[in-house]
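*Asks:* Next up is a structure, given as structure tokens.
The values are calculated or read from the model by the stated rules, or taken from the named source; none is laboratory data. Note that the structure is a prediction, hence the values are computed from the model and not measured. Because the Cβ atoms are built from the backbone with ideal geometry, glycine has one as well, and the counts that use them run over all protein chains shown. Accessible surface areas use protein heavy atoms only, side chains included; no ligands, DNA or RNA. Shrake-Rupley method; radii C 1.70, N 1.55, O 1.52, S 1.80 Å.
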Amino acid sequence: KFKILEMASGASVIFFLDHKGKTIIRRDYRGDAGHGLTEKFQKKVLDIEEVNLTPVFTDGGHTFVWVKHNNIFLVAVCRGNPNVMMVLSFLMKLVEVLSEYFGNLEDESIRDNFVVTYELLDEMIDNGYPQITEQKMLQQYIKTESYKLAEKNHQKSTKNELKITSNLTSKISHRPEGIRYPKNEVFCDVVEKLDLLVFLLPLNILQASPNGTVLSSEINGALKMNCMLTGMPNLKLGLNDKALFEMTGR
């Protein structure tokens, strides 16, 4: 016997709510979410203490995934078995894109830009699943002054549309074609951070070691790169401790 596994569902509807839980924008993608969702969200989030809040909760067959930015809530409501991490990552990316468009994302900026917000929601997500989330790609064809640009030169607009289509269908959508630099350079910074939690006891009570006991330790690292390469070359990077070994004589 074969068991058919259902694909994890996406978002059925996305809400923008103000700090009182009132709806600013609602975008329904599937039509299966039902009604009374904002009231459920208010009871689970706005009417309880902050220490008990969770970014994901279920109520009556609905899964609520939400993030808060300034004085607004971005809420995604899902049915079935949703991919929670996908939806949560999309909401965070949505905050990033809207902040870039409006400068400061809050309830007033959303109310002043209803048209652009709906256009972004339609382009970034399809049937509840994220599609285009790259900020540079979205800015090429969704602009606050796009109507003025289109009226000035129809030929230029057609040329840009072809370029956008090519970028969307390429493997790397965030890097358009035709990038040129006079000198090919790549700058790479390795950033490392060490977090320690040490438990210390007074010497005069239990005669504990002055070094204490390490309860937890964690190393966090990041590679920050500034890439100035022409075109799409294949690049291989290798990290070693040769310089450190030479300094320490090992």
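*Asks:* Taking 7 Å along the Cα-to-C-beta vector as the label spot, tell me the residue 247-residue 127 distance in nanometres, rounded to one decimal.
*Replies:* Each label point lies 7 Å from its Cα, and together they span 5.5 nm.
*Asks:* Provide the gained length on full extension for the span residue 93 to residue 23, in nm with one decimal, where the gain is 0.36 nm per separating residue minus the Cα-Cα distance. Mind dumping the intermediate values first?
*Replies:* Numbers: separation 70, 0.36 × 70 = 25.20 nm, distance 2.05 nm.
Between residue 93 and residue 23, full extension yields an extra 23.1 nm.
*Asks:* Mind checking region 2-103 for GluC sites (Glu not before Pro) that DSSP puts in a loop (not H, G, I, E or B) and that have at most 15 other Cβ atoms within 10 Å?
*Replies:* Details: sites: 6, 39, 49, 50, 96, 100; in loops: 6, 49.
Filter output for region 2-103: 6, 49.
*Asks:* Moving on. Work out, step by step, the length gained on full extension between residue 189 and residue 216: first 0.36 nm times the residue separation, then minus their alpha carbon distance; give nm to one decimal. List each step's numbers first, then the result.
*Replies:* Values: separation 27, 0.36 × 27 = 9.72 nm, distance 2.65 nm.
7.1 nm is the gain from fully extending residue 189 to residue 216.
*Asks:* For a quick check: with amide H placed at 1.01 Å from N, whose amide H comes under 5 Å from residue 24's, ignoring anything fewer than 5 positions away on the same chain?
*Replies:* 16, 17, 18
*Asks:* Quick one: what do you get for region 1-95 if you divide its Cα Rg by 2.2 N^0.38 Å? Can you show the working numbers first?
*Replies:* Details: Rg = 13.7 Å, N = 95, 2.2 N^0.38 = 12.4 Å.
Working it through for region 1-95, the quotient is 1.10.
*Asks:* So, for region 1-98, what is the accessible surface per residue at a probe of 1.4 Å, expressed in square angstrom?
*Replies:* 57
*Asks:* Report the calculated FRET efficiency for residue 68 and residue 179 (r = Cβ-Cβ distance, R0 = 30 Å), to the nearest 0.05. Don't skip to the end; give the middle numbers.
*Replies:* Numbers: r = 37 Å, r/R0 = 1.24.
Calculated transfer efficiency: 0.20.
*Asks:* Near residue 58, within a Cβ-to-Cβ distance under 15 Å, what is the net charge of the other residues, with Lys and Arg +1 and Asp and Glu -1?
*Replies:* Value of the local net charge: +3.
*Asks:* Please list, in order along region 106-117, the HN-Hα scalar couplings obtained from phi with the Karplus expression 6.51 cos²θ - 1.76 cosθ + 1.60 (θ = phi - 60°), rounded to whole Hz, x for Gly and Pro.
*Replies:* Running phi through 6.51 cos²θ - 1.76 cosθ + 1.60 with θ = phi - 60° gives 7, 4, 5, 5, 5, 5, 7, 9, 4, 5, 5, 5 Hz.
*Asks:* Residue 57's amide H: which non-local residues (gap 5+, or another chain) put their own amide H closer than 5 Å, with H modeled 1.01 Å from N in plane and none for Pro or chain starts?
*Replies:* Residues meeting the amide H criterion: 64.
*Asks:* If you average the sequence gap of Cα pairs under 8 Å that are 6 or more apart and divide by the length of region 1-124, what percent do you get for the contact order? Before the final figure, lay out each step's value.
*Replies:* Numbers: 170 pairs, mean separation 34.2, N = 124.
Normalised by residue count, the contact order of region 1-124 is 28 percent.
*Asks:* Keeping all protein chains in the complex and leaving out DNA, RNA and ligands, what accessible area do you get for residue 87 with a 1.4 Å probe, in Å² to the nearest 10?
*Replies:* The value for residue 87 is about 10 Å².
*Asks:* Quick one: work out Rg over Rh on the C-alpha atoms of region 63-119, Rh as Kirkwood radius. Show your work: numbers first, answer last.
*Replies:* Numbers: Rg = 12.0 Å, Rh = 12.1 Å.
Dividing the radius of gyration by the Kirkwood radius yields 1.00.
*Asks:* Give a residue-ordered list of calculated ³J(HN,Hα) values for region 58-73 (Karplus: 6.51 cos²θ - 1.76 cosθ + 1.60, θ = phi - 60°; whole Hz; x for Gly, Pro).
*Replies:* 10, 7, x, x, 10, 10, 9, 10, 8, 9, 10, 9, 6, 10, 10, 10
*Asks:* Give me the net charge for the shell around residue 192: Cβ to Cβ below 13 angstrom, other residues only, Lys and Arg +1, Asp and Glu -1.
*Replies:* Details: positive: 193, 224; negative: 189, 195, 218, 241.
Charge balance near residue 192 sits at -2.
*Asks:* Ok, one more. Ordering 138, 196 by accessible area with a probe of 1.4 Å, largest first, what comes out? Mind dumping the intermediate values first?
*Replies:* Values: 138 0, 196 100 Å².
Largest accessible area first, the list is 196, 138.
*Asks:* Quick one: of 44/93; 93/236; 20/40; 193/224; 68/193, which pairs are farther than 18 Å apart, Cα to Cα?
*Replies:* Values: 44/93 24 Å; 93/236 29 Å; 20/40 13 Å; 193/224 14 Å; 68/193 28 Å.
Checking Cα-Cα distances, 44/93; 93/236; 68/193 exceed 18 Å.
*Asks:* I've got another one for you. Given a 1.4 angstrom probe, I'd like the percentage of the accessible area of region 5-107 that is carbon and sulfur, rounded to a whole number.
*Replies:* On the way: 2550 of 5200 Å².
C and S atoms contribute 49 percent here.
*Asks:* Ignoring ligands, DNA and RNA, what accessible area per residue does region 102-141 give at 1.4 Å, in Å²?
*Replies:* Accessible area per residue, region 102-141: 50 Å².
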